[in-house]
Amino acid sequence: MNRVKLTRNQKKIQKIMKKAERQQKKMHRSAFSRLMTQGRSNRSTAGSITLLFFLFLLALLMLFPVVFMVSNAFKPINELFIFPPRLFVINPTLDNFHDLSELLADSLVPFSRYVFNTLFIVVLGSVGHILLSCMAAFPLAKFRFPGSKLLSSLVLMSLMFSTAVTAVPNYVIMSYLGLVDSYWAVILPAFSMSLGLFLMKNFMEQVPTALIDAASIDGATYFGMLWRVVMPAVKPAWITLFIVSFQSLWGATGGNFIYTENIKPLPAMLSQLSGSGVARSGVVAAISLLMFTVPVVLFVISQSNVLETMATSGIKE
Amino acid sequence: MTDLKKRSVTPFQYGVKQAKKYRQLYVMMLPYMIFFCAFTIIPVFISIFFSFTQFNVLQPPAFIGLNNYIRLFLDDPIFAKAVKNTLILAVITGPFGYLFSFLMAWMLCELPPKLRALLTVIFYAPSISGNAYVIFTQLFSGDAYGFINSRLLNMGLITAPILWLRDEKYMMTIVILVSLWMSLGVGFLSFIAGLQGVEKAQYEAAEVDGVKNRWQELWYITLPNMVPQLLFGAVMAVTNSLAVADVTVALNGFPSTNYATHTIINHLNDYGIIRLDMGYACAIAVILFFLMLFINKAVQRVLGKVGT
């Protein structure tokens, strides 16, 4: 009995001594290597530097096409067709953006109309998606009732195939409902994107059940619990759902559904313009930049909320 | 005995009772479920139904049994090519994109928060905006004014411009490159968030217990903690890598030269949108549906074993 205790103590002492040794080593490290290793003794400075260098190279590679796109938008027309083409712009101008506004002021359907169409689709689609997903996610996240498991697994399963699979029947259903060639053909399917419900449900599972029980004792209805207790607690998740549905709707051309020029969204106009040949290259570069910038800026603003939601995005068996 | 049986409720009766108790919740889920059924669940069944018919939207569908499938497998060499292309793309961009996402996320998490946030945006940006990949048509443009061609010409490595996007030899490689460029998507974010969620105490304990370097830490602590995120990332990677279609149209045109980068979804759109042979298009969709489900389930099973 006594001997066992002794060895345990000895082990503990050994551990403490080892730790002290490491601490001492850490003290000897320069400020630079403390920064590189975040003060962890099982990190080597050389390793951290290699890693950083590698990351830096990859970031450059990933950025390269983006930089090319950005600088294209500011190139005057003679620089767009210079030989050899240059990555960076020499004499940056706003000509392309100017041309864009001029071209669109003259066109049959004004530019503002395309912007409105896209914003209408994006805003309505996202708001509906967030509302409906919250209402569906709350029961699935917090209650066990007949069918709850089945519904959850259906949603998970629908993450496993892409929407291309259902494209043909969707068209048939849309034309049956008389929604072809209207905003709704793009907006309504966005309401039920399963990724949103999945993320929302996982995030709601974290909300302490005690909060909900307390509301229930106070006599709140299920709707009351959702509105007053759960919704304020899952703010990061609705921001994330907005970002997710924004990203998918922002790029929507409405290709197969919308034929009337008046209600076509921005990306549809972009692809028409890029089909109109070399003369419009500058304008196309300008629009591409606009289309790219908006979602990136939105993501930058909401990054911490999105990551907070993503922390619960895992699939539990 | 019979008394007891009478008094105890059957599972069905219990279910009905529970359903009544929670009926408000069903009402709450109803709006979402209506749309979910109308645009996701029912279309799957309609697809399966149409796949046994000949249907051109104008006339009512006519039942033709397995003919569509027979035609697909025995009489459509382009479909065979599309399956081959899709699988090549998926086998390369799926696993590599997945590993790439994870490694990137893991390396980013070793960095201080500010730098991490910046690099996250840089890596995630390509997949955010729907059609940023169009820029590659200029980088790999086939004339001497293309960025890559002009550099290679100037360096004297080639004597004539290469038709990167029209020559069968290069098309697939470029589509793979672009897909990898865009592979850091939602799964990547999930990894970053998951990595930050691993308790610091576990790492500290590991440090004391003699985990010597970051590789051991990754294997013994990080990965077992990340299984749910790894599974989620895998679903995203598998589904996306099998659904490549817009990229090939933007880069290689439609149809691509000699169908060198024709994918299953390209084929589906060809019949569904252009030729209006809906029954045939649905047969393609059904095959793609089961292919995606099967590969996803298989990958989930394998990944479920990580750290156990």
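I'd like to verify a number: residues in the range B:252-287 that are in contact with a Leu (Cβ under 8 Å, 6 or more places away or on another chain) and either surrounded by 22 or more Cβ atoms within 10 Å (Cβ to Cβ) or among the hydroxyl-bearing types (Ser, Thr, Tyr) (or both), how many?
11
So is A:MET204 under 23 Å from the mean Cα position of the chain (by Cα), at pLDDT 90 or above, surrounded by fewer than 19 Cβ atoms within 10 Å (Cβ to Cβ) and hydrophobic (A, V, I, L, M, F, W, C) or not?
Considered against the rule, which asks whether it is under 23 Å from the mean Cα position of the chain (by Cα), at pLDDT 90 or above, surrounded by fewer than 19 Cβ atoms within 10 Å (Cβ to Cβ) and hydrophobic (A, V, I, L, M, F, W, C), A:MET204 comes out as no.
Can you find a residue that is assigned to a helix (DSSP H, G or I) and touching a Cys at 6+ places or on another chain (Cβ under 6 Å) anywhere in the range A:161-169?
For the range A:161-169, residues assigned to a helix (DSSP H, G or I) and touching a Cys at 6+ places or on another chain (Cβ under 6 Å): present.
Within the group B:ALA82, B:ALA125, B:ALA132, which residue is under 19 Å from the mean Cα position of the chain (by Cα) and more than 8 Å from chain A (Cβ to nearest Cβ)?
B:ALA82
Under 6 Å by Cβ, and 6 or more places apart or on different chains, what pairs join a residue from the range A:211-238 that is in contact (Cβ under 8 Å) with a residue 12 or more places away in the chain with one that is small (Gly, Ala, Ser) and part of a helix (DSSP H, G or I)?
From residues that are in contact (Cβ under 8 Å) with a residue 12 or more places away in the chain, the pairs are A:MET225/A:ALA215; A:VAL229/A:ALA215.
So that you can scan it fast, the table gives a plain yes or no per residue for (1) within 23 Å of B:PHE49 (Cβ to Cβ); (2) assigned to a helix (DSSP H, G or I); (3) more than 8 Å from chain A (Cβ to nearest Cβ):
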site	(1), (2), (3)
B:HIS262	no, no, yes
B:ASP270	yes, yes, yes
B:GLY279	yes, yes, yes
B:ILE287	yes, yes, yes
B:GLN300	no, yes, no
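What do you reckon, is A:PHE120 out of contact with any strand residue (DSSP E or B) (no Cβ under 8 Å at 6 or more places or on another chain), surrounded by fewer than 17 Cβ atoms within 10 Å (Cβ to Cβ) and either within 28 Å of A:PRO236 (Cβ to Cβ) or not aliphatic (A, V, I, L, M) (or both)? Before you say what the answer is, go through the steps one by one.
On the way: out of contact with any strand residue (DSSP E or B) (no Cβ under 8 Å at 6 or more places or on another chain): yes; surrounded by fewer than 17 Cβ atoms within 10 Å (Cβ to Cβ): yes; either within 28 Å of A:PRO236 (Cβ to Cβ) or not aliphatic (A, V, I, L, M) (or both): yes.
In short, yes.
This table checks each residue for (1) in contact with a Phe, Trp or Tyr (Cβ under 8 Å, 6 or more places away or on another chain); (2) in the same structural domain as A:VAL230 (by TED's automatic domain parsing); (3) not in a helix (DSSP H, G or I).
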site	(1), (2), (3)
A:ASN117	yes, yes, no
A:ILE121	yes, yes, no
A:VAL127	no, yes, no
A:ILE130	yes, yes, no
A:ALA136	yes, yes, no
A:ARG144	no, yes, yes
A:VAL155	yes, yes, no
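Can you pull out the residues in the range A:170-187 that are part of a helix (DSSP H, G or I) and touching a residue at least 40 places away in the same chain (Cβ under 8 Å)? Give the steps one after another, and end with the answer.
Just the residues of the range A:170-187 that are part of a helix (DSSP H, G or I), to begin with: A:170-176, A:184-187.
Correct list: A:TYR171, A:MET174, A:ALA185, A:VAL186, A:ILE187.
Hey, B:ILE48 hits all of (1) among the hydrophobic types (A, V, I, L, M, F, W, C); (2) without any contact (Cβ under 8 Å) to a residue 40 or more places away in the chain; (3) within 30 Å of A:LEU132 (Cβ to Cβ) but one; which does it fall short on?
The one condition B:ILE48 does not meet is (2).
Is there a residue in the range A:265-285 that is hydrophobic (A, V, I, L, M, F, W, C), under 23 Å from the mean Cα position of the chain (by Cα) and away from chain B (no Cβ under 11 Å)? So that I can check it myself, show each step before the final result.
Step one: list which residues in the range A:265-285 are hydrophobic (A, V, I, L, M, F, W, C), which gives A:266, A:268-270, A:273, A:278-279, A:283-285.
Retained after the next criterion (residues that are under 23 Å from the mean Cα position of the chain (by Cα)): A:266, A:268, A:270.
Now drop any that are not away from chain B (no Cβ under 11 Å), which leaves A:268.
Yes, the range A:265-285 has at least one match.
If I filter the range A:232-253 down to residues being touching a Phe, Trp or Tyr at 6+ places or on another chain (Cβ under 8 Å) and more than 10 Å from chain B (Cβ to nearest Cβ), which single residue comes out as nearest to A:PHE138 (Cα to Cα)?
Across the range A:232-253, the extreme among qualifying residues is A:VAL234.
Failed condition for B:SER183, given (1) touching a residue at least 60 places away in the same chain (Cβ under 8 Å); (2) assigned to a loop (DSSP other than H, G, I, E, B); (3) more than 12 Å from chain A (Cβ to nearest Cβ), with all others met?
(3)
A:LEU87 versus (1) in the same structural domain as A:THR253 (by TED's automatic domain parsing); (2) surrounded by fewer than 19 Cβ atoms within 10 Å (Cβ to Cβ): which is the lone unmet condition?
Only one criterion in (1) in the same structural domain as A:THR253 (by TED's automatic domain parsing); (2) surrounded by fewer than 19 Cβ atoms within 10 Å (Cβ to Cβ) is unmet by A:LEU87, namely (1).
Among the residues of the range A:181-195, is any farther than 17 Å from B:ILE42 by Cβ, facing chain B (nearest Cβ under 8 Å) and in contact with a Ser or Thr (Cβ under 9 Å, 6 or more places away or on another chain)?
Within the range A:181-195 (the criterion being farther than 17 Å from B:ILE42 by Cβ, facing chain B (nearest Cβ under 8 Å) and in contact with a Ser or Thr (Cβ under 9 Å, 6 or more places away or on another chain)), the answer is yes, since at least one residue qualifies.
Looking only at the range B:100-134, filter to residues that are out of contact with any Gly (no Cβ under 9 Å at 6 or more places or on another chain) and in a loop (DSSP other than H, G, I, E, B); which one of those is nearest to B:VAL198 (Cα to Cα)?
Checked the range B:100-134; the qualifying residue nearest to B:VAL198 (Cα to Cα) is B:CYS109.
Could you list, in sequence order, the residues of the range B:192-244 that are part of a loop (DSSP other than H, G, I, E, B), at the interface with chain A (Cβ under 10 Å from one of its Cβ atoms) and acidic (Asp, Glu)?
Within the range B:192-244, just B:ASP209 meets the criteria.
Within the range B:166-180, work out how many residues are in contact with a Ser or Thr (Cβ under 8 Å, 6 or more places away or on another chain) and either at positive phi or assigned to a helix (DSSP H, G or I) (or both).
Qualifying residue count for the region: 7.
Any residue in the range B:294-306 that's under 16 Å from B:TYR98 (Cα atoms): show its pairings with residues that are in a loop (DSSP other than H, G, I, E, B) at Cβ separation under 6 Å, as long as the two are six or more apart or on different chains.
B:ASN296/A:MET160
Please go through the range A:270-317 and give me each residue that is free of Cβ contacts under 8 Å to residues at least 24 places away in the same chain, of a type in the set (Ser, Thr, Tyr) and touching a helix residue (DSSP H, G or I) at 6+ places or on another chain (Cβ under 6 Å), ordered by number.
A:SER274
Taking A:GLY128 as meeting all but one of (1) in contact (Cβ under 8 Å) with a residue 40 or more places away in the chain; (2) small (Gly, Ala, Ser); (3) more than 11 Å from every other protein chain (Cβ to nearest Cβ), write down the number of the exception.
Unmet condition: (3).
A:ARG8: charged (D, E, K, R), more than 30 Å from B:TYR133 (Cβ to Cβ) and modelled with pLDDT under 75, yes or no? It would help to see each step written out before you state the result.
Working: charged (D, E, K, R): yes; more than 30 Å from B:TYR133 (Cβ to Cβ): yes; modelled with pLDDT under 75: no.
No: the conditions fail for A:ARG8.
With in a helix (DSSP H, G or I), modelled with pLDDT of 85 or more and surrounded by fewer than 22 Cβ atoms within 10 Å (Cβ to Cβ) as the only criterion, which of B:LEU163, B:LEU153 stands out? If you could, list the steps in order and put the result at the bottom.
Values: B:LEU163 fails: in a helix (DSSP H, G or I).
It is B:LEU153.
Of everything in the range B:135-148, what is closer than 20 Å to A:VAL89 by Cβ, more than 7 Å from chain A (Cβ to nearest Cβ) and buried (at least 21 other Cβ atoms within 10 Å of the Cβ)? Give them in sequence order.
Selection gives B:GLY146 alone.
Which of the residues that make up the range A:55-81 are assigned to a loop (DSSP other than H, G, I, E, B) and modelled with pLDDT of 85 or more?
The answer is A:PHE74, A:LYS75, A:PRO76.
The values are calculated or read from the model by the stated rules, or taken from the named source; none is laboratory data. Because the structure is predicted, anything quoted here is derived from the model rather than measured. Using ideal geometry, Cβ is built from the backbone for each residue, glycine included, and neighbour counts are taken over all protein chains shown.
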